[in-house]
Amino acid sequence: MSSLRYAPAILIGRVVRVLARWRKPGGGSAIPGVVVNRIAPGFLATTLNGFPLGLVIVTGSSGKSTTTKMLVGVLRAHGLAVFTNQSTANISQGLTSALLEQVTLSGRIAGDVAVLEMDEGHGAFIAGSLSPRVVSLTNVMVDQIDRFHDSEMVAGLLAKIAARATETVVLNADDRYLADLGDALESTVQVDRYGVTADVLRRYPRGLGYAQTAPTRLATGTGVQLTNIVGRDADVQFVGGNHGIRLPARGIHYAVDALTALSTAQATLGERFDPTLACTALSAMPAVFGRGEVVTVGGKTIEFVLVQNPSSFQLNVDSLEANTEQILVIIGSDVRDPSYFWPVDTSGLGHVLIASGLKAHDIALQLAYDNVQVDRIEPDVPTALDAFMALPDPATGVKTIIFSADGMRRTRAHLGLVSNAEES
C-alpha cells in the first residue's frame, strides 16, 4: 500500500503507545493495537498482505515461538529481510502493535517477507482477511481447556487458517488431526509434510505429546524427516541428503520444531533453499525465551523450563538431565485449574527443593502423589527465588527452574532479566 490512508490511525497508535509506556513502563504494549484495530480495522490485514514475498503464518498448539525464531533465522541466513513478531504479540492487537513499531505513515514496512507466530484462536478469527503464502501447522495438543474445549475445536481453528494459504501448507505428518487436514487440502493447495521416522518414535513410548498420533510415518525420501536425536544433537534427512543440527535445547519437541522450521523455510524459499546453510544457521541459534534457556545471574547458572500444557510439561520432565539435583517449580495464576496438569507423570523429577507460585500447594500435592520429595512449599515467588539462588552451586547439573508462564514473568522480573519484547 502506497497511500496515506492509514496515516492518521498510525499516528494515533504511536501516541497511544507513548502514553501507555509513560503510564506503565514495560507494559501496555497491546493497547495501541486495540485502538488502531478499532479505528482502522483494515490496517492489520492490508499491511500483512503487502510484503513482496508474502506472509508466512506459524500456528498450532505448541512450539510456535521456537519454530518461528528458527524459521526467521534460517530465512535471514539466506539473505532475506524478515519482519516478525514477538511470541507475546500473537493475537490481533499484539500483531498490530508490533506493526506500529516499524510501519511508515504510508503503511509500508521494509522487508521481503513477514513471518508471524499466530495464536490459533485469534488467527482463525482474522484469517478471513489474510492471504498467507505459506501456513505452517505444528501440532494439536490438549491445551488451555478454558479456551480450547477439545482437540476437534483446535483442529477446526487450524483448518480455517490453513484454508487461507495461497501456495503451501506445511504440516506435521505425525499428528493425526493435521494428517487428516492435509489429505483434505491436497486438492486445493500444495501440502508439504514433515515427521519423525518409526525408529525415532519407538524411543518415545509416551508419544510426542499430540492429542492423537497418526498411525503411519512418512515414507522414506518423503519430506523432511528426523532420523536420530541424542541430547541436543539431531540428524535430519532431506530429499537430497542428510544433515546434522545442534538444537537450542534438549528434547524431541525441539527437534520437531526444527523440522517444522526447515520444512517451512524450504516451502518459502523454493529453489533458493540451501539445506547446509539452513542447518548451520539453525544450529547457531540460542534457546528461545524461557524454553530451555540458560542464563547467568549473580555468577550462578540457571536453566529455565517453560511448561504451558500437560504435553509440554511431560516432554520437558522426560528430557531433563538425570543429574539435575536443584529444582524449583513455580506454577502461577495462569493455571486456573490445577487438575489440568494431573495427567503429567512428574516422578522423573525425583526431588524438588521448592514448590512456589499461587498454586504452590497444588503442584506440591501432585509431586507428592508421584513420589517426588518436596523440601519446601513457599507460595511467594520472590522469597522462593531468593532462597533457591542462595544455595551453593549444585555438585552436578545446573540450577533448574520449571515454571508456567506467570511464573516465568515473575521470575524474570525478580532476577532483573530482560522482558520478551526487549530480548529481540
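For segment 293-308, filtering for residues that are among the small types (Gly, Ala, Ser) and either closer than 24 Å to Val140 by Cα or outside the structural domain of Phe388 (by TED's automatic domain parsing) (or both) leaves 0. Gly251: of a type outside the set (Ser, Thr, Tyr) and closer than 19 Å to Thr138 by Cα, yes or no? When the stated conditions are applied, Gly251 passes them.
Against the numbered list (1) out of contact with any strand residue (DSSP E or B) (no Cβ under 7 Å at 6 or more places or on another chain); (2) in contact (Cβ under 8 Å) with a residue 12 or more places away in the chain; (3) over 30 Å from Asp150 (Cβ atoms), Ala390 comes up short only at (2).
Any residue at all in segment 240-254 that's assigned to a helix (DSSP H, G or I) and either at pLDDT 95 or above or among the aromatic types (Phe, Trp, Tyr) (or both)? Yes, because at least one residue in segment 240-254 is assigned to a helix (DSSP H, G or I) and either at pLDDT 95 or above or among the aromatic types (Phe, Trp, Tyr) (or both). Among the conditions (1) more than 18 Å from Asn228 (Cβ to Cβ); (2) under 14 Å from the mean Cα position of the chain (by Cα), the only one that Thr296 does not satisfy is (2). Pro8 passes every criterion in (1) exposed (fewer than 15 other Cβ atoms within 10 Å of the Cβ); (2) modelled with pLDDT under 70 apart from (2).
Yes or no, residue by residue, for (1) closer than 17 Å to Tyr204 by Cβ; (2) part of a helix (DSSP H, G or I):
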site: Asp235; (1), (2): yes, no
site: Leu259; (1), (2): yes, yes
site: Thr264; (1), (2): no, yes
site: Thr296; (1), (2): no, no
site: Ser311; (1), (2): yes, yes
site: Asp318; (1), (2): yes, yes
site: Ser333; (1), (2): no, no
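Scanning segment 204-221 turns up no residue that is aliphatic (A, V, I, L, M) and buried (at least 24 other Cβ atoms within 10 Å of the Cβ).
State the number of residues belonging to segment 179-192 that are crowded, with 17+ Cβ neighbours inside 10 Å and touching a residue at least 60 places away in the same chain (Cβ under 8 Å).
Filtering segment 179-192 down to residues crowded, with 17+ Cβ neighbours inside 10 Å leaves 179, 181-182, 185, 189, 191-192.
From what's left, touching a residue at least 60 places away in the same chain (Cβ under 8 Å): 192.
Qualifying residue count, segment 179-192: 1.
Step by step: first the residues of segment 330-371, then only those that are at positive phi and without any contact (Cβ under 8 Å) to a residue 40 or more places away in the chain, then the one that is surrounded by the most Cβ atoms within 10 Å (Cβ to Cβ). Which residue is that?
Restricting attention to segment 330-371, the residues satisfying the condition of being at positive phi are 350, 357, 371.
Then keep just the ones that are without any contact (Cβ under 8 Å) to a residue 40 or more places away in the chain; that gives 350, 371.
Details: Gly350: 16, Asn371: 10.
Selected residue: Gly350.
Got a sec? Which of Glu321, Glu271 is free of Cβ contacts under 8 Å to residues at least 40 places away in the same chain and acidic (Asp, Glu)? Give the derivation first.
On the way: Glu321 fails: free of Cβ contacts under 8 Å to residues at least 40 places away in the same chain.
Selected residue: Glu271, the only one of Glu321, Glu271 that is free of Cβ contacts under 8 Å to residues at least 40 places away in the same chain and acidic (Asp, Glu).
Would a scan of segment 196-205 turn up a residue that is among the aromatic types (Phe, Trp, Tyr) and closer than 28 Å to Asn49 by Cβ? Spell out how you get there, then give the answer.
Quick first cut of segment 196-205, residues among the aromatic types (Phe, Trp, Tyr) only: 204.
Within this subset, residues satisfying the condition of being closer than 28 Å to Asn49 by Cβ are none.
Scanning segment 196-205, I find no residue that is among the aromatic types (Phe, Trp, Tyr) and closer than 28 Å to Asn49 by Cβ, so the answer is no.
Of all residues in segment 237-278, those that are farther than 18 Å from Gly63 by Cα and among the hydrophobic types (A, V, I, L, M, F, W, C) total 7.
Residues of segment 222-233 that are surrounded by fewer than 20 Cβ atoms within 10 Å (Cβ to Cβ), of a type in the set (S, T, N, Q) and either part of a strand (DSSP E or B) or not assigned by TED's automatic domain parsing to the domain that holds Tyr177 (or both): Thr227, Asn228.
When Ala284 is tested against (1) hydrophobic (A, V, I, L, M, F, W, C); (2) farther than 30 Å from Val169 by Cα; (3) surrounded by fewer than 16 Cβ atoms within 10 Å (Cβ to Cβ); (4) at pLDDT 90 or above, only condition (2) is not met.
The values are calculated or read from the model by the stated rules, or taken from the named source; none is laboratory data. Not measured: the values here are computed from a predicted model. So basically every Cβ, Gly included, is an ideal-geometry build from the backbone, and we count neighbours across all protein chains shown.
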